[in-house]
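Comments concern the structure below.
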Amino acid sequence: MKTELKNRKIIPGCEEVILEGNDIGCLLIHGFRSCPFEMKEFGRYLNDLGFTVNICLLPGHGTEPKDLLDIKWEHWAQAVENSYFNLRKKCKKIFIAGLSTGGSLALYLASKHKVDGVIALAPGLFLKQRFVKLSHVLKYIWKFKRINSGPDISIKVESKVYPKVPISTVSELLSLFNTLKTKLKFINVPTLIIYSANDHVVKSQSPLTIFNSISSKKKHLLKLEKSFHILTMDVEKKEVFSESGKFIKEILSC
């Protein structure tokens, strides 16, 4: 990755978050065109339970949309792995939780490295937007896709998402999802998947396919009814937080 990309000025509130706690580590991963801001309340909840929390900042995010232009999905995966290794140095157990694309990256990491549990919130595998399927062609015609709406949340809240994204990077999402499909069978750790019936971004086929494809003996699928896509900021966020905390505690008690 270009050196100058690493030195970009980060939007206030989008910085990586590290909350010190005990020797149980929770690595949180935000979604596409967003930043750690959407995971902060979730992170504070887990930290209040005593856990050490790291909310990583994915490459190309938290600065300006053009910084995504040269980003490949492997850059995101490498950043997540780096955060995982840093957390592993001080924590004896590691749980990974991700939202949307972050959920997909969390699952990808779990297929490669030793983790104690995975929490995938509205994980991406199949998307609803029609232009996404054509992104591998459209990227040669248009550089950016403007997204007029804010994040997919049923209530009005503060957000820090890009108003437009490079179509080439949208194509990278598909590459990530296609790769993940081949890795799901290698995931055998306890997994909690939470999704909403009213998600306007990810098809419900995504969490269902993931749930049915992973090899985990201990796996849970929770369907919400009121929230949209950004589960960590929507009306049922407290249920998302409490179910995640309960999931982690159950595994630690075994």
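The values are calculated or read from the model by the stated rules, or taken from the named source; none is laboratory data. For clarity, every value in this text was computed on a predicted model and none was experimentally measured. Cβ coordinates were reconstructed from backbone atoms using ideal geometry, including for glycine residues, and neighbour counts include every protein chain displayed.
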Of the numbered conditions (1) in a loop (DSSP other than H, G, I, E, B); (2) of a type outside the set (D, E, K, R); (3) out of contact with any Asp or Glu (no Cβ under 8 Å at 6 or more places or on another chain), residue 43 satisfies every one except a single condition; which is it? (1)
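Each row is one residue, and each column tells you yes or no for (1) at pLDDT 95 or above; (2) surrounded by fewer than 22 Cβ atoms within 10 Å (Cβ to Cβ); (3) in contact with a helix residue (DSSP H, G or I) (Cβ under 9 Å, 6 or more places away or on another chain); (4) closer than 20 Å to residue 240 by Cβ.
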| residue | (1), (2), (3), (4) |
| --- | --- |
| 22 | yes, yes, no, no |
| 31 | yes, no, yes, yes |
| 40 | yes, yes, no, yes |
| 45 | yes, yes, yes, yes |
| 72 | yes, yes, yes, no |
| 76 | yes, no, yes, no |
Scanning segment 214-254 for residues that are hydroxyl-bearing (Ser, Thr, Tyr) and not in a loop (DSSP other than H, G, I, E, B), which turns out surrounded by the fewest Cβ atoms within 10 Å (Cβ to Cβ)? 253
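Does residue 159 satisfy being surrounded by fewer than 19 Cβ atoms within 10 Å (Cβ to Cβ) and closer than 15 Å to residue 104 by Cα? Don't jump to the end; show me each part of the working.
Working: surrounded by fewer than 19 Cβ atoms within 10 Å (Cβ to Cβ): yes; closer than 15 Å to residue 104 by Cα: no.
Criteria not met by residue 159.
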Is there any pair with a first residue in segment 224-236 that is in contact (Cβ under 8 Å) with a residue 24 or more places away in the chain and within 16 Å of residue 203 (Cβ to Cβ) and a second that is polar (S, T, N, Q) and surrounded by fewer than 24 Cβ atoms within 10 Å (Cβ to Cβ) whose Cβ atoms are under 7 Å apart and which are 6 or more apart or on different chains, and what are they? 227/154; 227/198; 228/154; 228/198
